[in-house]
Amino acid sequence: MPELILASTSIYRRDLLERLGLPFATARPEVDESARPDEAPQALAVRLARAKAEAVAATAPAAWVIGSDQVAELDGRPLGKPGTVENAVEQLRSMAAREVRFLTALCLAGPDGRRFEALDITTVRFRALGEDEIARYVERERPLDCAGSFKSEGLGIALFEAIENRDPTALIGLPMIATARLLREAGFAVP
């Protein structure tokens, strides 16, 4: 079986990929995640997933490398990882009682420049949120490294009215249905 590398140090993505039971390594992709001027959120997610996979693949030319990136989109604008408590509170405040799209792009880059890609779109309807609810949530879960300032696999689920998607793992950061499909296309035995 060829070597498999996850181009991420995200514990969320690592935990998801472990579900497939395939041996894999992880590597930190050295990629500037800044949006380009006027770059649409979907284009940003796809570009970053590809850049992460290709950056790590360049250091391991015989391996297959999984790159993934998620961008939250509100009113056509990308919302990044908040990084601070203040930014997380502001993001949640701006999303309260609104619909937000989460674009999770996936790229599997392999030997000889071969590449398989997928995109999952999840729509989250946030319920009306009071200032005290937002503050309690951010204090309790500290979602500072998560696009959209929440963890759907944790207490963040209490912030929603509904989630519409094809793959519930995509919102966590790695769409496993698409990941399994792309790995099969590349020749991996899944399951």
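The values are calculated or read from the model by the stated rules, or taken from the named source; none is laboratory data. Keep in mind the model is a prediction, meaning the values are calculated, not measured. So basically every Cβ, Gly included, is an ideal-geometry build from the backbone, and we count neighbours across all protein chains shown. Protein only, heavy atoms only, side chains kept; ligands, DNA and RNA dropped before computing areas. Shrake-Rupley method; radii C 1.70, N 1.55, O 1.52, S 1.80 Å.
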Q: State yes or no: is ARG114 touching a Cys at 6+ places or on another chain (Cβ under 6 Å) and more than 19 Å from LEU171 (Cβ to Cβ)?
A: no
Q.
So THR9 ticks every box in (1) open to solvent by 30 Å² or more (accessible area, probe 1.4 Å); (2) in a strand (DSSP E or B) but one. Which box is left unticked?
A. (2)
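Out of ARG36, ARG19, which single residue is farther than 16 Å from PRO61 by Cα, open to solvent by 60 Å² or more (accessible area, probe 1.4 Å) and modelled with pLDDT of 95 or more?
Working: ARG36 fails: modelled with pLDDT of 95 or more.
Checking each option against the conditions leaves just ARG19.
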Q) Given the conditions (1) surrounded by 13 or more Cβ atoms within 10 Å (Cβ to Cβ); (2) of a type outside the set (S, T, N, Q); (3) in contact (Cβ under 8 Å) with a residue 60 or more places away in the chain, which single one is not true for MET1? A) (1)
Q) Could you say whether any residue in segment 34-48 is in contact with a Lys or Arg (Cβ under 9 Å, 6 or more places away or on another chain), among the basic types (Lys, Arg) and part of a loop (DSSP other than H, G, I, E, B)? A) yes
Q. What are the residues in segment 144-191 that are at pLDDT below 95, farther than 23 Å from LEU4 by Cα, of a type outside the set (Ser, Thr, Tyr) and open to solvent by less than 20 Å² (accessible area, probe 1.4 Å), if any?
A. CYS146, ALA147, GLY148, PHE150, GLY156
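Conditions tested, residue by residue: (1) surrounded by fewer than 22 Cβ atoms within 10 Å (Cβ to Cβ); (2) not aliphatic (A, V, I, L, M).
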site	(1), (2)
ASP15	yes, yes
ARG28	yes, yes
PRO41	yes, yes
VAL46	yes, no
TRP64	no, yes
GLN70	no, yes
GLN91	no, yes
Q: Tell me which of these PHE102 doesn't satisfy, since it passes every other one: (1) over 20 Å from ALA147 (Cβ atoms); (2) crowded, with 20+ Cβ neighbours inside 10 Å; (3) not polar (S, T, N, Q).
A: (1)
Q. Out of all the residues in segment 29-67, which are in contact with a helix residue (DSSP H, G or I) (Cβ under 6 Å, 6 or more places away or on another chain) and of a type in the set (Val, Ile, Thr)?
A. VAL31, VAL65
Q: Identify the residue in segment 75-89 that is among the charged types (D, E, K, R) and loosely packed, with under 14 Cβ neighbours inside 10 Å and, among all such residues, is farthest from ALA57 (Cα to Cα).
A: GLU86
(Q) Quick check on my filter: what residues within segment 152-174 are assigned to a loop (DSSP other than H, G, I, E, B) and in contact with a helix residue (DSSP H, G or I) (Cβ under 6 Å, 6 or more places away or on another chain)? (A) SER152, GLU153, GLY154, ASP167, THR169, GLY173, LEU174
Q. When segment 148-164 is examined, which residues are found to be in contact with a strand residue (DSSP E or B) (Cβ under 9 Å, 6 or more places away or on another chain), more than 14 Å from GLN70 (Cα to Cα) and not aliphatic (A, V, I, L, M)?
A. PHE160, GLU161, GLU164
Q: Kindly list the number of the only condition in (1) in a helix (DSSP H, G or I); (2) more than 17 Å from the chain's Cα centre (by Cα) that fails for GLU54.
A: (2)
Q | Residues of segment 117-143 that turn out to be of a type in the set (A, V, I, L, M) and open to solvent by less than 30 Å² (accessible area, probe 1.4 Å), as a count | A | 5
